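What follows is a single structure, written as structure tokens, with notes after it.
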Amino acid sequence: MSNDTARNWSLERDAEGVAWLSFDKPGTSANVLSGSVLIELDGLLAELEKQPPRALVVISAKKSGFIAGADIREFTGITDAESGYLLIHRGQQVINRLAALPCPSVAAIHGFALGGGLELALACRYRVAVGDERLSLGLPEVQLGIHPGFGGTVRSVQLVGVRAAMELMLTGKPVRADRALRLGLVDALTSAAELRAAARALVLKSPPARRAPFAERLLSSAPLRPLVRRSLIAQVARRAPPDHYPAPYAIIDLWARYGARGPAAYEAEARSIAHLFTTSASRNLVRVFLLQDRLKNSGGRSPVEIRHVHVVGAGVMGGDIAAWAALRGFSVTLEDRAGEYIEPALKRAAELFNRRLRDAAQNAAARERLRADVPGDGVPQADIVIEAIFENLEAKRELYARLEPRMKPGALLASNTSSIMLEPLAERLADPARLVGLHFFNPVAQMPLIEVVHAERTAATAVETATAFARRLDKLPVPCRGAPGFMVNRVLTPYLNEAMYAADEGVALPAIDRAAVRFGMPMGPIELADVVGLDVASHVGEIIARELGRPVLQLPRLAGLLAAKKLGKKTGAGFYVWQDGKAVKDGATGSAAPEDLTDRLILALVNECVACLRERVVEDADLADAAVIFGTGFAPFRGGPLAYARARGAGAIVARLEELAARHGPRFTPDAGWGLLETGQKT
């Protein structure tokens with residue numbers, strides 16, 4: 001760990017002998033534990049050892065929160081397990097030094113304490129936190145393919161017990177204020193105004209430190225650990241195969257071997273995380289984190305301030321876009337032909353607000369921000385008008401002809417089209433520079449991506465405004481050139497098509513889905529087609545095929561389902577029968593999966609990604625990977641389709657595509673862009 005001259009910490013002692021250790025990393029909006037930060041902290045702890053205060057309060061000077069975790073970018077410099085061990089062991093020593101101070105200590109937390117930030121707080125004797133809706137405490141390291149490394153695998157179990165600690169570490173999900181208090185993760189909740197006073201009062205009173213309840217301590221005893229271990233592994237195996245995600249199994253094994261006790265447990269933690277740093281899963285998950293960080297930082301200040309959003313089309317997409325915008329603080333009007341079409345959207349919006357906003361006043365305010373607007377009275381006041389009607393070029397053009405004369409100067413016109421290029425949509429606009437694509441993904445509340453699409457005549461300020469708007473919606477914006485299907489639907493189409501080819505060949509539907517899920521996809525392509533809707537998938541695929549000059553998919557089995565109006569989940573039957581929202585897969589008949597099925601599915605998608613990169617649908621390979629990961633859930637532990645291609649080798653994939661083309665037809669012909677990818681030239 002190299003030091004720098006920046007002062008990250010300040011140490012002051014008050015009249016009562018309480019030392020206040022305040023963290024404020026320069027030049028960042030959130031505190032993170034970098035190597036230099038920990039070295040500086042170590043020096044201050046040495047001072048406190050020499051002249052112990054009456055008590056110590058560790059607090060953040062940042063408005064955003066306590067500590068967001070370790071500096072993830074430092075992980076990319078780890079070249080081998082030994083360098084990883086040295087990095088972690090040094091950090092462990094600093095945190096252990098804090099825990100061993102000869103005075104009571106308290107972490108005064110507001111906003112968040114995540115990863116290494118929570119591990120630092122766990123090393124204090126007490127924790128007091130601001131109990132508002134912003135509070136988020138968690139150990140999310142498993143999402144990076146690792147586990148806590150600054151003593152968190154030990155101290156979390158000692159404090160809250162094995163079951164609660166394992167849930168924190170194995171899921172990576174944070175807990176909010178009330179649950180943190182119930183678990184014993186914090187000793188007290190207070191208001192922001194009283195945080196310092198509450199921390200001082202607690203540390204001066206110095207009650208006995210919390211520890212896990214007796215029943216939880218019993219579960220960590222040597223006789224019971226093997227039984228609990230089997231149960232934990234069974235739970236994890238349902239979600240994360242060990243060859244894809246080794247970190248959760250390492251967490252369980254550490255506890256099972258050492259019971260969260262003694263110096264050996266800390267040493268094993270450091271050795272274990274050092275090994276995980278070197279795995280492909282961790283390297284790829286760190287890559288995904290950094291891709292996400294890039295997208296989060298892409299939305300600068302908007303040239304046009306967006307306050308009022310008008311959405312046209314109250315179907316599933318339009319209604320949910322309107323609800324999400326209202327949830328995020330925008331004033332929203334929702335237009336459709338009649339109130340009966342808007343009412344279901346308002347009902348879904350109320351359900352969203354009830355899930356996300358427990359505070360009654362905030363819930364009521366969100367409902368007030370979303371209004372039905374059949375006549376479209378909100379258009380003249382809107383800063384952005386979002387069109388979310390069905391995928392038909394003429395219908396959209398006719399709508400724009402009615403909307404544009406009523407829109408105020410400078411307002412954006414955005415289409416949620418999933419496949420139609422912007423150029424023909426803009427042809428009849430008086431001001432085509434204001435048209436952008438904002439392609440949301442279903443379900444809007446869960447899918448993080450928005451493709452921000454621009455045409456040749458789209459103004460740069462319109463793209464900047466749309467990107468900033470996407471970030472204010474707490475979404476991840478990926479800029480795309482106007483192209484058939486943009487990025488995500490363009491690459492999903494051959495993937496879904498190949499699954500349907502296999503189905504027509506008689507391959508069992510569950511076998512097709514299993515091949516994709518075993519590769520790491522969140523859902524099989526047959527099930528996905530049913531969820532999207534076979535009519536929607538077919539229509540979008542047809543538009544993309546025609547625009548690209550390719551044959552339109554015509555398969556008897558799909559055609560039969562469409563003719564019978566068996567459109568998938570929404571009609572109760574498609575490729576699968578659907579019951580209680582789930583596909584019924586038991587007893588499905590058909591042949592077993594052929595040996596090349598996984599490559600047929602995945603390489604069809606990867607080959608299309610190379611085509612998109614060659615055509616500059618997105619600017620670089622990182623954006624291509626980000627779009628497909630956050631838009632489709634493409635196996636995160638593989639780092640994205642192009643990262644997967646590089647790891648497997650471009651030459652090897654081209655050779656495999658040529659084999660598949662010879663066996664199955666020209667749809668597998670390797671794209672011309674593979675040559676550039678293979679030689680490392682800029683594509």
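Values quoted throughout were computed directly from the atomic coordinates according to the rules given, and no laboratory measurement underlies them. What you see is a predicted model, and the numbers here were worked out from it, not measured in a lab. Heads up, the Cβs are rebuilt from the backbone with ideal geometry, glycines too, and the neighbour counts pull from every protein chain shown.
A simple spin-label model places the labels of Val374 and Leu227 6.4 nm from each other, with each point 7 Å out along Cα-to-Cβ. Rg/Rh, computed from the Cα trace of segment 174-263 with Rh as the Kirkwood radius, has the value 1.10.
Over segment 433-496, the fraction of Cα-Cα pairs per 10 Å bin, rounded to whole percents and listed from the shortest bin up, is 23, 50, 25, 2. Note that segment 1-140 shows a convex hull volume over its alpha carbon atoms of 113 Å³ per residue.
Here segment 9-278 is treated with +1 on each Lys and Arg Cβ and -1 on each Asp and Glu Cβ, and its dipole about the Cα centre works out to around 900 debye. Mean separation of Cα pairs under 8 Å and 6 or more residues apart, divided by the residue count, gives segment 308-482 a relative contact order of 20 percent. Think of each Lys and Arg Cβ as +1 and each Asp and Glu Cβ as -1; about the Cα centre, that makes the dipole of the chain roughly 1840 debye. Mean separation of Cα pairs under 8 Å and 6 or more residues apart, divided by the residue count, gives segment 9-278 a relative contact order of 20 percent. Relative to the Cα centre, the charge distribution of segment 451-502, modelled as +1 at Lys and Arg Cβ and -1 at Asp and Glu Cβ, gives a dipole magnitude of about 120 debye.
With 22 Å as the limit, write out which pairs from Lys347/Lys566; Lys25/Lys50; Lys347/Lys570 have Cα-Cα distances beyond it, or answer none. Violating the 22 Å limit, Cα to Cα: Lys347/Lys566; Lys25/Lys50.
Within segment 173-213, name every residue whose backbone N is under 13 Å away from a label modeled 7 Å from Cα of Gln362 along the Cβ vector. Answer for segment 173-213: 176-178. Taking only alpha carbon atoms, segment 628-674 gives an Rg to Rh ratio of 1.04, where Rh is the Kirkwood radius.
Pairwise alpha-carbon distances in the chain exceed 32 Å for 57% of all pairs. Taking every alpha-carbon pair under 8 Å whose residues sit at least 6 apart, the chain reaches a relative contact order of 9 percent.
Every Cα-Cα pair in segment 308-482 was counted, and those over 23 Å apart are 34% of them. Take the Cβ atoms of Glu267 and Asp474, set R0 to 45 Å, and the FRET efficiency comes out at 0.65. Counting only DSSP H runs of at least 4 residues, each contributing -39500 (n - 2.57), and dividing by the residue count of the chain, the helix-based mean residue ellipticity at 222 nm comes to -15000 deg cm²/dmol. Here is the tail figure for segment 445-551: Cα pairs spaced more than 21 Å apart come to 49 percent of all pairs.
Scalar couplings 3J(HN,Hα) for segment 327-339, obtained by applying the Karplus form with A = 6.51, B = -1.76, C = 1.60 to θ = phi - 60°, are 4, 7, x, 7, 7, 10, 10, 10, 10, 7, 5, 7, x Hz; x denotes Gly and Pro. One chain, two ends: Ala433 and Arg406. Fully extended at 0.36 nm per residue, the span grows by 8.1 nm beyond their Cα-Cα distance.
Between Ala188 and Ser83, residue separation times 0.36 nm minus the direct Cα-Cα distance comes to 33.9 nm.
Residues whose amide H falls under 5 Å from that of Ile450, counting only those 5 or more places apart or on a different chain, are Leu476, Val478, with hydrogens built in the peptide plane. For segment 9-278, the Stokes-Einstein estimate of translational diffusion at 4 °C and a viscosity of 1.567 mPa s comes to 69 µm²/s, using the Kirkwood hydrodynamic radius over alpha-carbon pairs.
Compared with the dominant principal axis of the Cα atoms in the chain, helix 534-548 is inclined by about 70°. Here is the list for segment 546-623: trypsin sites (Lys or Arg not before Pro) lying in DSSP coil, each with at most 12 other C-beta atoms within 10 angstrom of its C-beta, are Lys565, Arg616. Amide hydrogen proximity for Ile109: with H placed 1.01 Å from N in the peptide plane, the residues at 5 or more positions away or on another chain lying under 5 Å are Val128, Ala129, Val130. Could you point to the residue in Ala360, Ser331, Val452 farthest towards the positive end of segment 308-482's charge dipole, with +1 and -1 charges on the Cβ of Lys/Arg and Asp/Glu respectively? Checked the options; the winner is Ala360. For segment 104-166, the Cα gyration tensor yields ellipsoid semi-axes of 18, 15, 11 Å (square root of five times each eigenvalue, largest first, whole Å). Taking Cα atoms, how many degrees apart are the long axis of helix 460-472 and the longest axis of the chain, rounded to 10 and kept between 0 and 90? Between helix and principal axis, roughly 50 degrees. Spacing of the modelled spin labels on Leu676 and Arg134, each 7 Å from Cα toward Cβ, amounts to 4.5 nm.
With the convex hull of its Cα atoms as the shape, segment 218-307 has an orientation-averaged projected area of 9.7 nm².
Look at the dipole of segment 9-278 built from charges on Cβ: of Ser221, Val37, Ala55, the Cα furthest out on the positive end belongs to Ser221. Note that segment 407-424 has calculated 3J(HN,Hα) couplings of 7, 6, x, x, 6, 8, 10, 10, 10, 8, 3, 9, 8, 7, 5, 6, 4, x Hz, one per residue in order, obtained from phi through the Karplus relation 6.51 cos²θ - 1.76 cosθ + 1.60 (θ = phi - 60°); glycine and proline are x.
Straight-line cross-link partners of Lys173 among the lysines, defined as a Cα under 20 Å from its Cα and at least 8 positions apart when in the same chain: Lys296, Lys475.
Taking 0.36 nm per residue of separation and subtracting the current Cα-Cα distance, fully stretching the chain between Asp586 and Glu340 would add 84.7 nm. Phi-derived couplings, Karplus 6.51 cos²θ - 1.76 cosθ + 1.60 at θ = phi - 60°, listed residue by residue for segment 143-159: 6, 9, x, 10, 9, x, x, 9, x, x, 5, 9, 5, 5, 5, 4, 7 Hz, with x used for Gly and Pro. For segment 551-666, the direction-averaged projected area of the alpha-carbon convex hull comes to 9.7 nm².
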